[in-house]
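The values are calculated or read from the model by the stated rules, or taken from the named source; none is laboratory data. Every value quoted in this text rests on a predicted model; they were computed, and no experiment measured them. Cβ: placed from backbone, ideal geometry, glycine included. Neighbour counts: every protein chain shown. The protein model used for the area step is the full one, side chains on, heavy atoms only, and it has no ligands, DNA or RNA in it. Shrake-Rupley method; radii C 1.70, N 1.55, O 1.52, S 1.80 Å.
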Amino acid sequence: MRGLGVFLGKELREIARTWRIWVLPGIVLFFAISGPPLAEVTPQLLSSVMESQGTGAVIELPDPTYVDAYLQWTKNLSQIVIFALIIMFAGAISAEKRGGTAILALTKPLTRPAFVLGKLLSHTILLTVTTLVGAAVTWGLTLAVFGEAPLAPLAGATGVWLVSALFFVALMMLLSSAVDSQAGAAGLGFVVYLLLSIATIWEPAVTYSPAALVNAPTEIAMSETVALGWPIGTTIALTVLLALAAVAVFRKREL
Amino acid sequence: MTQAIAISGLVKTYGEVNALDGFDLQVPEGSVFGFLGPNGAGKTTTLRILSGLAHPTSGSAEVFGHDVVTSTLAVRAEVGFLPDVPGYYEWMTAPEFLRFAGGLFGLSGPVLNGRVDALLDLAGLTGVKTRIGGYSRGMKQRLGVAQALINAPRLLMLDEPTSALDPIGRKEVLDMIASLRGRTTVFFSTHILADVERVCDRVAILDKGRVVTSEAMADLKSRYGGQRFVIDTAGDASHLVDRLGGEEWVAEATMLADGRLSVAVSDVDTAQRALPAAIVQAGLGLKRFEAGEISLEEVFVDLVGGER
């Protein structure tokens, strides 16, 4: 794995010094900051909207709680943040191939597995740190707004989501090493997301596959008990397989 | 003599197209070797195979005895490479990029710092604070040569290093290459004949995936006739073409588009005496009599075909 340390260092500096530092962390922090206040005012907003319609209907909504803030957080992670991740990471390898930067790096003693692993690790670090900071902000603001914020549901939901997000990181590494077009790789990433979402209606998939992790963060945020041993195990195994496949595909490619 | 590069029966096909058609080539260590050929001849494909970026369909290629397919890391440790269009991390500065490149070779500390400073000086980039994204093409190309030298390579491979540059940029890069003579083997591809004539001591000409010739520059020129005389006469000299063409010491006699007579000769001494005499005998006045070496361009056109 020669060159991994140097290349990983380059990747982390690149994240810190280019647009990458703003996109994913920006989105996650925006949702972390806006989620709890929005959860508190949502019932009032809905009531105002209904009253302005002049229908005379009165809707009684329960008072918002910390659960609403947690649900905002997990829904945003499961949809918008995953979409951003798919788009952003779709060009992780192909962009270096297209731009010629991979050629200068890979004609030095940097192995191709180290190149792919450097990308995977740097993106994993970015995603994990961003998610943890976002979760901490969500927890703090939820406590400030609602006066209570139990840690376990938020930590559990965020942790399970992170497992599924890392599956998508590995998937996008594979697609980016196999497909030269960033749009094409992103399109295939969305197809996988869609298939997993559809698979949630099929009981065996929910029991054993990563499809269970699509809705699990929301259920955990609501303090429901969910059996996730198999889905987490298969998701981690598939993540490792996808990473190995990304390395194998990139090794065979001509630059 | 140690061979820096030894290629044997190298074939590369893309579908039905033979990019490389089974050629052999030896590049002696210490030479500045020009790899010349028209666009599409297979130069870049050869360099991509030598640098491990592409795989040969068949045949073999070795760099200092290391097979480029099975010992790719050993090859890369000995080689500095500059592609035809180098891509940089444009958010870096030149010193940062050189440090990154050196780090990949396992260099660190004072050794790396010393090389970075020396190469920035060689590339004329000392003190340049801007990021690479703001560099001109010439600056990027000079940085490209510098990064290829960070590991003090035994072999420097450059793919069309001057093709996209203006005359000043070309001169700067060629001066850099010329300054490496005696320090490292340089193997560079180009379709610019003047660049090869200026800095190379050996040359191979590639055409349609095959090596047409590979030899020392001096041998190539002498083998292809040595000298040419261009004669400007008062009066039409076209009838002399056939007559001179029959002489033993004449390799080729042609009329140029501007009406001057061009005579390539194999025996210069005889030509110097006989040509003016032939002009006088033909009843023509001699306005100008110019002798010069046959250029690589003429050899190139002769070898790869004038239809290009």
Would you point out the residue of region A:30-55, among those that are among the hydrophobic types (A, V, I, L, M, F, W, C) and over 20 Å from the mean Cα position of the chain (by Cα), that is nearest to the other protein chains (Cβ to nearest Cβ)? A:38
Residues that are touching a helix residue (DSSP H, G or I) at 6+ places or on another chain (Cβ under 6 Å) and closer than 14 Å to residue B:61 by Cβ, drawn from region B:21-48: B:35
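Would you please name the residue that is least open to solvent (accessible area, probe 1.4 Å), looking only at residues in region B:260-273 that are among the polar types (S, T, N, Q) and under 16 Å from residue B:289 (Cβ atoms)?
B:262
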Residue count for region B:78-108, restricted to those that are more than 8 Å from chain A (Cβ to nearest Cβ), part of a helix (DSSP H, G or I) and either without any contact (Cβ under 8 Å) to a residue 40 or more places away in the chain or not charged (D, E, K, R) (or both): 7
Those residues that are hydroxyl-bearing (Ser, Thr, Tyr) and part of a helix (DSSP H, G or I), I need them from region B:264-279; list them, please. B:270
Just the residues that are under 20 Å from the mean Cα position of the chain (by Cα) and away from chain A (no Cβ under 11 Å), please, taken from region B:45-61. B:46, B:61
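If a residue must be within 30 Å of the chain's Cα centre (by Cα) and either assigned to a loop (DSSP other than H, G, I, E, B) or within 14 Å of chain A (Cβ to nearest Cβ) (or both), how many such residues does region B:116-127 contain? If you could, list the steps in order and put the result at the bottom.
Pass one, region B:116-127, residues within 30 Å of the chain's Cα centre (by Cα): B:116-126.
From what is left, the residues that are either assigned to a loop (DSSP other than H, G, I, E, B) or within 14 Å of chain A (Cβ to nearest Cβ) (or both) are B:123-126.
Total meeting the criteria: 4.
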Of all residues in region A:1-17, which are farther than 13 Å from residue A:122 by Cα and more than 11 Å from chain B (Cβ to nearest Cβ)? A:1
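Scan region B:175-199 residue by residue and report those that are in a loop (DSSP other than H, G, I, E, B) and closer than 18 Å to residue B:80 by Cα. Walk me through it before giving the result.
Initially, region B:175-199 is screened for residues in a loop (DSSP other than H, G, I, E, B), giving B:180-184, B:191-192.
Matches in region B:175-199: B:180, B:181, B:182, B:183, B:184.
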Residue under question is residue A:60, and the condition is that it be of a type in the set (Asp, Glu) and within 20 Å of residue A:186 (Cβ to Cβ); does it hold? no
Given (1) closer than 20 Å to residue B:81 by Cβ; (2) among the acidic types (Asp, Glu); (3) not in a helix (DSSP H, G or I), index of the condition residue B:172 fails: (3)
Enumeration of residues in region B:245-259 that are modelled with pLDDT of 85 or more and buried (at least 17 other Cβ atoms within 10 Å of the Cβ): B:247, B:250, B:253
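Can you tell which of A:108, A:97 is surrounded by 23 or more Cβ atoms within 10 Å (Cβ to Cβ) and under 23 Å from residue A:2 (Cα atoms)? Before you say what the answer is, go through the steps one by one.
Details: A:97 fails: surrounded by 23 or more Cβ atoms within 10 Å (Cβ to Cβ).
None of the other options fit; the residue is A:108.
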Complete set of residues in region B:117-127 that are open to solvent by 40 Å² or more (accessible area, probe 1.4 Å), without any contact (Cβ under 8 Å) to a residue 40 or more places away in the chain and not polar (S, T, N, Q): B:117, B:118, B:121, B:127
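Got a sec? Which of A:121, A:117 is touching an Asp or Glu at 6+ places or on another chain (Cβ under 9 Å) and surrounded by fewer than 22 Cβ atoms within 10 Å (Cβ to Cβ)? Give the steps one after another, and end with the answer.
Working: A:117 fails: touching an Asp or Glu at 6+ places or on another chain (Cβ under 9 Å).
Of A:121, A:117, the one residue that is touching an Asp or Glu at 6+ places or on another chain (Cβ under 9 Å) and surrounded by fewer than 22 Cβ atoms within 10 Å (Cβ to Cβ) is A:121.
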Counting residues that are away from chain B (no Cβ under 14 Å) and either on the phi < 0 side of the Ramachandran plot or free of Cβ contacts under 8 Å to residues at least 60 places away in the same chain (or both), which helices (runs of 4 or more DSSP H) fully inside region A:89-196 reach at least 3? A:112-146, A:151-178
Looking at region B:24-41, which of its residues are farther than 15 Å from residue B:202 by Cα and either modelled with pLDDT of 95 or more or touching a Pro at 6+ places or on another chain (Cβ under 6 Å) (or both)? B:24
Kindly list the number of the only condition in (1) farther than 30 Å from residue B:104 by Cβ; (2) in contact with a Ser or Thr (Cβ under 7 Å, 6 or more places away or on another chain); (3) open to solvent by less than 70 Å² (accessible area, probe 1.4 Å) that fails for residue A:59. (3)
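If we keep just the residues of region A:18-29 that are within 16 Å of residue A:129 (Cβ to Cβ) and either free of Cβ contacts under 8 Å to residues at least 24 places away in the same chain or not in a helix (DSSP H, G or I) (or both), which is farthest from the other protein chains (Cβ to nearest Cβ)? So that I can check it myself, show each step before the final result.
First pass over region A:18-29, keeping only residues within 16 Å of residue A:129 (Cβ to Cβ): A:20-29.
Pick out the ones that are also either free of Cβ contacts under 8 Å to residues at least 24 places away in the same chain or not in a helix (DSSP H, G or I) (or both) and you get A:21-22, A:26.
Working: A:21: 11, A:22: 13, A:26: 18 Å.
Filtering region A:18-29 for residues that are within 16 Å of residue A:129 (Cβ to Cβ) and either free of Cβ contacts under 8 Å to residues at least 24 places away in the same chain or not in a helix (DSSP H, G or I) (or both), the one farthest from the other protein chains (Cβ to nearest Cβ) comes out as A:26.
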What's the number of the only condition in (1) within 14 Å of another protein chain (Cβ to nearest Cβ); (2) open to solvent by less than 20 Å² (accessible area, probe 1.4 Å); (3) assigned to a helix (DSSP H, G or I) that residue B:133 fails to meet? (2)
Those residues of region B:20-41 which are touching a Leu at 6+ places or on another chain (Cβ under 9 Å), assigned to a loop (DSSP other than H, G, I, E, B) and open to solvent by 10 Å² or more (accessible area, probe 1.4 Å) amount to B:29, B:38
Any idea which residue in region B:143-165 is most open to solvent (accessible area, probe 1.4 Å), counting only those that are free of Cβ contacts under 8 Å to residues at least 40 places away in the same chain and within 17 Å of the chain's Cα centre (by Cα)? B:165
